[in-house]
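The values are calculated or read from the model by the stated rules, or taken from the named source; none is laboratory data. Since the model is a prediction, treat every value here as computed from it, not as a measurement. As a convention, Cβ positions derive from the backbone with ideal geometry for all residues, glycine included, and neighbour counts pool all protein chains shown.
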Amino acid sequence: MISRRIASIFANGALAAALCLGVQQPARVNAASPAQVSSLDDVRKAVAFVLAQGSFYDPQTAAQVADNWTGTAFIIDPSGLAVTNNHVVAGAAILEVYLDGEKEPRNAKVLGRSECSDLAVIDIDGEGFEYLEWFTGTLKAGLPIYAVGFPLGNPELDIEDGIISKAKANGDTRWSFVKQVIEHSAATNPGNSGGPIVTADGKVVAVHFAGFDKARQYFAIARDEALPIIKQLMREKDVDSIGINPLADILELGGQKFGGIWVQAVQSGSPADDAEIKPGDLLVEMEGKPLAENGTMREFCSIIRSRRPTDKMTIKVLRPSTGELLEGQINGRPLKVVSKVSTQTTTTTEGSQDTPSATLEIVNESGKTISGVNIVTPDATEWGKNVLSKPVAPGRSTTIEGIPAGIYDVRALDEEGNFLSAVFSVQLEGEQTWTIYPRWASWPQNAKELFKDDFTDNKNKWPLGSTDAADYTLTDGIMNILIKQDNWIAWQTYSRQLSGQFIGEVVCRADGEDAECGLGFALDNKNLIWFRVNPAKQEYSLRLAEKGQWSEDLIAPNNSVYISPSGWNRYTLGRVGKNLLLYVNGTLIDVVESNKIPRGKLIFGGSSNETTDVQVQLDDFLVFSVQ
């Protein structure tokens, strides 16, 4: 299978920290002396390490995932215009680049993108950059070339030699349908995406975008396809796009098979957004034609390329989370429910003795050896036996077969038996993949513990007692809050005034469908940011209150399999640079850029919904400052 060439930044803590610190922009290159690169040695001056941060819907876990990832871009104009792949920038809320010799990132924004040709043009802050020119000769098999980029999230530039092995290759993938592709032999890895394929004198022949690792085949978007599209993208025009981050797949739901295009993210203000398409939707038909029946983007892109950007296009969308089948139009009427499909994802015929099973591939990107994996049902009181036959080294993967299809909690441990990661109440069926990343990804390296209380006593003089709305007690090292009113928030306040960059953390338990844990920043009782979590529903959001009223959701209600529906969870909320970071049990689940409530006090507690007498228990409250 051709795989998307993209790498997680979680393997590089230094860059993750740089991302989160909101550092000042680097000194600018002298605008008076831009230069065209004319040698392979100088190509590095015009190639950028791309660091993206955002969230997207992951079909494998059926959940919204916050993540960091990396790719490569190359500058084509001294003003800072650069080319990369659409799949490098799609879904990114924050985009930063590192240039040769610069230790601090520059901001970049997307000017235009092409979903079907997997191209994007970004504008890097600054001017006077050295840049690459395009090769003007004939692209033919045997031409010596070099793949330039930043594989595996490593910020050290990598240059690999090879040849064009095919001047015309197949451009079908799960995330694009490129009409003109070259196949080359220069070895690449995830992270090379968007990097240039150049000649010995630094001229660009193609844009790398995919690879078939087992066969050692690598693919790039040919110059003759890329150039006309790039010219339009430079004018801030999207090409062959409706505004989604697409991934072709085939889904079994309710005993039926649906070929379609997973919507991993939706671009705000795009035709897809206007049609009310949502992340997690499966686009199954366009203009009456079924999509992705062969698992590629071919039909989707062929239809879009035969229409003008403003033309109305009839679509049919499956929303697996609800089983709703919706119809509507791109550039026309919004989606409307027309029928429902059973959300049962596996079925057995009456009298059948066959038991559906699942295969789980575990990919280790944690940086540590995985020595143990436990798979148990959610009602299990213990984690049970280790299902690994042998440890999994960093960068490796293993497959566990024959798991009876069902809902499970899954946990991974390192060599010392320490917790690495866990997911809860996940549906295992068919073939699925779980990638394990490092704990505390994007945690700033210069975070310093400022305060800690495990509530063994009340030495910090937290207010205790009863009010009309809530009771506050401290027993056996636990802070207890009994909320006596519906739709009410009750909290304790860390008295020190904070500003700039800071992080708060608390361990919390809230049992029952209407019980919620919370952590936030408060300017006062009427102006605050509140990270609310409903464990029973595995749901979270980030809310903003202004002048005593909820004014907006900075992060709309969403679900995460990293939230345990029962027992204790560790919640972390950080204001780092321009970003608000949300963690659950050490895993970064979401991020949003916001300058709301830039100073104030940390608060922690819980909330109720439609019922009263909601019990919330709290432990291990910590505060960190970020220098």
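Just a yes or no: is a residue in region 281-303 in contact with a Cys (Cβ under 6 Å, 6 or more places away or on another chain) and of a type in the set (A, V, I, L, M, F, W, C)? The answer is yes, given that some residue of region 281-303 is in contact with a Cys (Cβ under 6 Å, 6 or more places away or on another chain) and of a type in the set (A, V, I, L, M, F, W, C). Taking each residue of region 413-428 that is touching a residue at least 24 places away in the same chain (Cβ under 8 Å) and closer than 12 Å to residue 368 by Cβ and looking for partners that are among the hydroxyl-bearing types (Ser, Thr, Tyr) and surrounded by 21 or more Cβ atoms within 10 Å (Cβ to Cβ) with beta-carbon atoms closer than 7 Å, six or more apart or interchain, yields 420/366; 421/587.
Listed by first and then second residue, the pairs with beta-carbon distance under 7 Å, at least 6 apart or on different chains, first residue in region 568-582 and more than 28 Å from residue 106 (Cβ to Cβ), second in a loop (DSSP other than H, G, I, E, B), are 569/563; 569/585; 570/585; 570/586. Of all residues in region 364-375, those being surrounded by fewer than 19 Cβ atoms within 10 Å (Cβ to Cβ), in contact with an Asp or Glu (Cβ under 8 Å, 6 or more places away or on another chain) and modelled with pLDDT under 90 number 0. Only a single item in (1) under 24 Å from residue 453 (Cβ atoms); (2) buried (at least 20 other Cβ atoms within 10 Å of the Cβ); (3) in contact with a Ser or Thr (Cβ under 6 Å, 6 or more places away or on another chain); (4) at pLDDT below 90 is not met by residue 588, and it is number (1). Count of region 591-605 residues, restricted to those that are touching a strand residue (DSSP E or B) at 6+ places or on another chain (Cβ under 6 Å) and either farther than 20 Å from residue 560 by Cβ or modelled with pLDDT of 95 or more (or both), is 9.
To keep it simple, each residue is scored yes or no on (1) in the same structural domain as residue 263 (by TED's automatic domain parsing); (2) more than 16 Å from residue 207 (Cβ to Cβ); (3) among the β-branched types (Val, Ile, Thr).
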position	(1), (2), (3)
88	no, no, yes
94	no, yes, yes
98	no, yes, no
104	no, yes, no
113	no, no, no
117	no, no, no
120	no, no, no
125	no, yes, no
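Of all residues in region 303-324, count the ones that are loosely packed, with under 14 Cβ neighbours inside 10 Å and under 22 Å from residue 180 (Cα atoms). Here the count works out to 3.
For the structure I just gave you, tell me whether residue 97 is within 21 Å of residue 173 (Cβ to Cβ), touching a Leu at 6+ places or on another chain (Cβ under 9 Å) and of a type in the set (A, V, I, L, M, F, W, C). Judged against the criteria, residue 97 is not a match. A Cβ distance below 7 Å, combined with a sequence gap of six or more or placement on separate chains, defines the contacts here; from region 257-268, residues that are of a type in the set (D, E, K, R) reach residues that are part of a strand (DSSP E or B) in the pairs 257/250. Tell me, which residue of region 514-540 that is among the charged types (D, E, K, R) and not in a helix (DSSP H, G or I) is nearest to the chain's Cα centre (by Cα)? That would be 539. When 42, 58, 118 are checked against the criterion of being surrounded by fewer than 24 Cβ atoms within 10 Å (Cβ to Cβ) and at pLDDT 90 or above, a single residue qualifies: 42.
From the list 93, 141, 147, the one residue that fits, being modelled with pLDDT under 95, of a type in the set (A, V, I, L, M) and over 23 Å from the mean Cα position of the chain (by Cα), is 141.
Here residue 332 does not fit the description of being over 30 Å from residue 426 (Cα atoms), surrounded by 15 or more Cβ atoms within 10 Å (Cβ to Cβ), of a type outside the set (S, T, N, Q) and modelled with pLDDT of 90 or more.
Rundown of residues vs (1) farther than 30 Å from residue 409 by Cα; (2) free of Cβ contacts under 8 Å to residues at least 60 places away in the same chain, yes/no style:
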{"position": "79", "(1), (2)": "yes, yes"}
{"position": "82", "(1), (2)": "yes, yes"}
{"position": "89", "(1), (2)": "yes, yes"}
{"position": "92", "(1), (2)": "no, yes"}
{"position": "97", "(1), (2)": "yes, yes"}
{"position": "110", "(1), (2)": "yes, yes"}
{"position": "125", "(1), (2)": "yes, no"}
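Here residue 603 clears all of (1) touching a Leu at 6+ places or on another chain (Cβ under 9 Å); (2) on the phi > 0 side of the Ramachandran plot except the condition numbered (2).
Of the residues 414, 476, 471, which single one is modelled with pLDDT of 90 or more and charged (D, E, K, R)? Result: 471 is the single residue among 414, 476, 471 that is modelled with pLDDT of 90 or more and charged (D, E, K, R). (1) touching a Lys or Arg at 6+ places or on another chain (Cβ under 6 Å); (2) at pLDDT below 90: which one isn't true of residue 249, the others all being true? Only one criterion in (1) touching a Lys or Arg at 6+ places or on another chain (Cβ under 6 Å); (2) at pLDDT below 90 is unmet by residue 249, namely (1).
On inspection, residue 270 does not qualify as within 21 Å of residue 172 (Cα to Cα) and over 19 Å from the mean Cα position of the chain (by Cα).
State all residues of region 450-497 that are exposed (fewer than 11 other Cβ atoms within 10 Å of the Cβ) and in a strand (DSSP E or B); if no residue qualifies, say none. Scanning region 450-497 gives 465, 475.
Inspect all residues belonging to region 157-175 and state whether any of them is surrounded by fewer than 18 Cβ atoms within 10 Å (Cβ to Cβ), assigned to a loop (DSSP other than H, G, I, E, B) and at pLDDT below 85. Within region 157-175, one or more residues are surrounded by fewer than 18 Cβ atoms within 10 Å (Cβ to Cβ), assigned to a loop (DSSP other than H, G, I, E, B) and at pLDDT below 85. Just one residue in the set 416, 401 is assigned to a loop (DSSP other than H, G, I, E, B) and among the acidic types (Asp, Glu); that residue is 416. Go through (1) on the phi > 0 side of the Ramachandran plot; (2) of a type in the set (A, V, I, L, M, F, W, C); (3) outside any loop (DSSP other than H, G, I, E, B) and name the single condition residue 424 misses. It fails just one condition, (1). Quick check on my filter: what residues within region 541-570 are more than 23 Å from residue 377 (Cα to Cα), of a type in the set (Ser, Thr, Tyr) and within 19 Å of the chain's Cα centre (by Cα)? Across region 541-570, the qualifying residue is only 541. If you take the residues in region 95-149 that are polar (S, T, N, Q) and not in a strand (DSSP E or B), which one is farthest from residue 223 (Cα to Cα)? Here the residue is 117. Across region 225-253, the qualifying residues are those that are on the phi > 0 side of the Ramachandran plot and crowded, with 18+ Cβ neighbours inside 10 Å, and the one among them that is farthest from the chain's Cα centre (by Cα) is 240.
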